[in-house]
Amino acid sequence: MEKNYEDIPGTYVFDADRSREGYHLNMFCISMRQAKNREAMKEDPEAYLAKYPMTAEQRQAVRDRDWNRLLELGGNIYYTSKLAAFDGITFQDLAAMMTGVSREEYRDMMLNGGRSIEGNRYKSEWEKS
């Protein structure tokens with residue numbers, strides 16, 4: 001069943017359904033907090049990934065570091081940011097990458113109140129233009 005907030009462009013609301021879908025993905029990501037797990041991931045990424053019963057799509061999104069796809073597949077931004085940190089990516093850089101702008105553009109956008117709502121409120125608005 002599609003939820004009314006699925007019409008928000010560029011947003012994957014982390015609701016109960018996404019939480020269930022992304023449970024193993026999020027457990028993998030949060031495991032990156034511990035040094036022993038980061039070492040195991042560096043040594044043999046495929047063996048480390050195999051410890052978590054993620055879907056094939058989730059595994060591929062991890063391999064590709066497809067940050068937006070991770071959220072679409074049930075990832076929580078605060079958990080997936082642990083994987084980004086493992087790669088040496090700051091949260092601000094991650095957010096910039098996910099929005100398709102440079103770090104400076106992202107910073108300036110946030111300092112100026114965020115992304116404009118004009119044309120960004122609902123996907124269904126795009127069909128009318």
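Just so you know, all these numbers are worked out from the coordinates, no wet-lab data involved. No experiment lies behind these values; they were computed from the predicted model shown. Here Cβ is always computed from backbone atoms with ideal geometry, including for glycine, and neighbour counts include all displayed protein chains.
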Through the Karplus equation 6.51 cos²θ - 1.76 cosθ + 1.60, θ set to phi - 60°, convert the phi angles of the stretch 54-70 into ³J(HN,Hα) values in whole Hz; use x for Gly and Pro. 7, 6, 4, 5, 5, 4, 5, 4, 5, 4, 7, 6, 8, 4, 5, 5, 4
What angle do you read, to the nearest 10 degrees and between 0 and 90, between the alpha-carbon axis of helix 77-86 and the longest principal axis of the chain? 50 degrees
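Taking the highest mean first, how do the peptides 17-26, 77-86 order by number of other beta carbon atoms within 10 angstrom per residue? Each step should come with its number before you reach the end.
Details: 17-26: 17.6, 77-86: 19.4.
Ranked by mean Cβ neighbours within 10 Å, highest first: 77-86, 17-26.
Let me know the volume per residue of the alpha-carbon convex hull for the stretch 1-60, in Å³. List each step's numbers first, then the result.
On the way: hull volume 6.4 nm³, N = 60.
Once divided by residue count, the hull of the stretch 1-60 is 107 Å³.
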So what are the chain's ellipsoid semi-axes, whole angstrom, largest first, if each one is the square root of 5 times an eigenvalue of the alpha-carbon gyration tensor? 29, 19, 11
Please report 14, 91 as a ranked list, fewest other C-beta atoms within 10 angstrom at the top and most at the bottom. 91, 14
With a cut-off of 8 Å between alpha carbons and a minimum separation of six or more residues, what is the relative contact order of the chain in percent? 30 percent
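Considering only lysines 8 or more places apart in sequence, or on different chains, count the pairs in the chain whose C-alpha atoms sit under 23 Å apart.
On the way: 3/123; 3/128; 36/51; 36/82; 42/51; 42/82; 51/82.
Within the chain, the lysine pair count is 7.
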In nm, give the distance between the simple-model label positions of residue 115 and residue 23, each being 7 Å from the Cα along the Cα-to-Cβ direction. 3.0 nm
